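To keep things clear, I will list the structure first and then write my remarks on it.
The values are calculated or read from the model by the stated rules, or taken from the named source; none is laboratory data. Note that this is a predicted model, so its numbers are computed, not measured. Heads up, the Cβs are rebuilt from the backbone with ideal geometry, glycines too, and the neighbour counts pull from every protein chain shown.
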Amino acid sequence: MKLWRRLAPLLWHSVVGKLWATIMLLVAVVLLILGVFLLQYIDIWFDSKNAHAIKVLFIITAVIGFLLSTFFAFFLSSKIQQPLLQLKNAADSVSQGDYSTRVNIQSSDEIGQLAITFNHMTEQIDKLITDLNHEKNHLASILRSMGDSVITFNPDGEVILTNPSGHLLLSQWSGLELDWEDDEATSGRDRAMAKGGVPAPLRQLFQEVVKQGRDATDNIHVHSSVWSVVMAPLQSGGVIRGAVAVIRNVTEEHKLDKLRRDFVANISHEIRTPLSMLQGYSEALLDDIVVEEEERKELVQVIYDESLRMGRLVNDFLDIARMEAGHVDMSYEEIDLRGILRRVHRKFQVYAKEREVALNAEFTDEPLVIMQGDEDRLEQVLTNLLDNALRHTPSGKSIKVSGASQNVNGKAYIQLKIKDEGQGIPQEDLPYIFERFYKADKARKRGSSGGTGLGLAIVKNLIDQHHGQIVVDSLPGSGTTFTILLPVEQHEGSAAFRHNLQ
């Protein structure tokens, strides 16, 4: 009885059980109908003795027929149940992610056609899932290999996808949330985004993209870096489901563009004045405006001086352009810097006397030898620095050139100093003194100085080529001191030294 109670629900909730019960019910109904209509006529047609035997025979025949029908129904049900169970098990496997499951049913009836359709469906699903996985892996590889940062947000501003570069950028910008905007201007939605969603630098652009539903591009400044951001909405069925941002660090491009603009402005500004003077004075000579011979010589001298200045400007520009492009030729050899100091001191001695400036050289009798140095380039460095010092040191003052050995962090260096008693350089100008065309104050522009604005930039590049360091120390009215440190041995370790010095 207990077994029947357990089997009855299973049979009734299965197609096979229902089919078997239906067949049994139909057979029972047929037998009951036949029994009801036929048994009552047996007593009429046959005598009592034969009637009883016929009734017994009829009942036995009905029972045998019922049993045979039951067996047939069970056999038919099992034939139907087996492929259905296979289809059910295969469907369970597919639902669990095994898309390679196939049903092996060899029949030409509806169940066989159902099995063929099921196999075709699973084959198409398997192919589709495989293609989707390949596409997903392909896109993931592209995202990983991208140098740009890619970040995807949902409509609430939460990050749902990012590549390694984007993940690193989010980590770097995580501390900017509360300091980016004023507390009064930060809404509740912005605070919610700040907890783990859109970084503060991207928040305004994200809100604009989600609200307007169109692409947006902007350059944002974070600390000392410039970032180019392209953000596009993610739409599905006309509903905005988030946004994707592609972020690129364009700091170098921004600096180069600024350098290009400044360079064009500066070089045109530097060339315009000598060209104007050449044109004006030459027109004065051609029109015979100047009659006296002495005045004509003065105009010719001005034209000559300005032509020399233009020549120096072009040569300096070509030198620094070759240095920055890495095309400068350096002839490294072992040299004693005392010889360079003596030559430069001797070269400027006469010029210093003409300007009534005392030019002193101080260095020890010990050799100042470096293992790798370009003698011509180092002489050019000292020449530019001394030329600057003489042009900005008034009469009656002095300039001192010195050289000595130094030990910095266990490394041997040669220290060269050029100290003048000139007008000095303001503190706010010191960080930019080695930039191209930079001049600290109005007194240093053209006129008596005659500089091109490229000398110190060339000096900085040449010292970098020697893996050395140059620093400037100056106060207005107290003079200027340029200090050069050159490594004695090979060039390893100079980068660490520069880091320590800074």
TODO: With respect to Gly373, determine if the residue is of a type in the set (Gly, Ala, Ser) and either over 25 Å from Leu475 (Cα atoms) or surrounded by fewer than 18 Cβ atoms within 10 Å (Cβ to Cβ) (or both).
DONE: yes
Open item on the list: Being under 13 Å from Thr481 (Cα atoms) and more than 45 Å from the chain's Cα centre (by Cα) is the filter here; which residues of region 404-430 pass it?
Closed with: Lys419, Asp420, Glu421, Gly422, Gln423
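Conditions tested, residue by residue: (1) free of Cβ contacts under 8 Å to residues at least 40 places away in the same chain; (2) over 30 Å from Val488 (Cα atoms); (3) among the polar types (S, T, N, Q); (4) in a loop (DSSP other than H, G, I, E, B).
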{"position": "Gly396", "(1), (2), (3), (4)": "no, yes, no, yes"}
{"position": "Gln406", "(1), (2), (3), (4)": "no, no, yes, no"}
{"position": "Ala412", "(1), (2), (3), (4)": "no, no, no, no"}
{"position": "Lys417", "(1), (2), (3), (4)": "no, no, no, no"}
{"position": "Glu435", "(1), (2), (3), (4)": "yes, no, no, yes"}
TODO: Please verify whether region 132-141 includes one or more residues that are modelled with pLDDT of 85 or more and either surrounded by 11 or more Cβ atoms within 10 Å (Cβ to Cβ) or closer than 24 Å to Gly213 by Cβ (or both).
DONE: no
Task: Qualifying residue in region 325-332 (condition: surrounded by 16 or more Cβ atoms within 10 Å (Cβ to Cβ), within 30 Å of Leu259 (Cα to Cα) and in contact (Cβ under 8 Å) with a residue 40 or more places away in the chain) - done: yes
- [ ] Check Val350, Val328 and return the single one that is among the β-branched types (Val, Ile, Thr) and over 52 Å from the mean Cα position of the chain (by Cα).
- [x] Val350
Task: Yes/no for Gln86 being surrounded by 16 or more Cβ atoms within 10 Å (Cβ to Cβ), in a helix (DSSP H, G or I) and in contact (Cβ under 8 Å) with a residue 60 or more places away in the chain - done: no
Task: Test result for Asp365, in the same structural domain as Phe434 (by TED's automatic domain parsing) and without any contact (Cβ under 8 Å) to a residue 24 or more places away in the chain - done: yes
Task: helices (runs of 4 or more DSSP H) wholly inside region 184-293 that include at least 2 residues being closer than 30 Å to Asn154 by Cα, among the acidic types (Asp, Glu) and modelled with pLDDT under 85 - done: none
Task: Lone qualifier among Gly493, Gly447 - being under 31 Å from the mean Cα position of the chain (by Cα), on the phi > 0 side of the Ramachandran plot, at pLDDT below 65 and not hydroxyl-bearing (Ser, Thr, Tyr) - done: Gly493
Open item on the list: Just to be sure I understand the filter: pairs with C-beta atoms under 8 Å, separated by 6 or more residues or on different chains, first member in region 204-228 and closer than 15 Å to Ser149 by Cβ, second member assigned to a loop (DSSP other than H, G, I, E, B). Which pairs pass?
Closed with: Phe206/Gly157; Phe206/Val198; Asn219/Val250; Val226/Val250; Trp227/Val250; Ser228/Val250
Open item on the list: Against the definition (modelled with pLDDT under 75 and in a helix (DSSP H, G or I)), how does Ala457 come out, yes or no?
Closed with: no
- [ ] Working only within region 333-354, note down all residues that are in contact with a strand residue (DSSP E or B) (Cβ under 9 Å, 6 or more places away or on another chain) and small (Gly, Ala, Ser).
- [x] Ala352
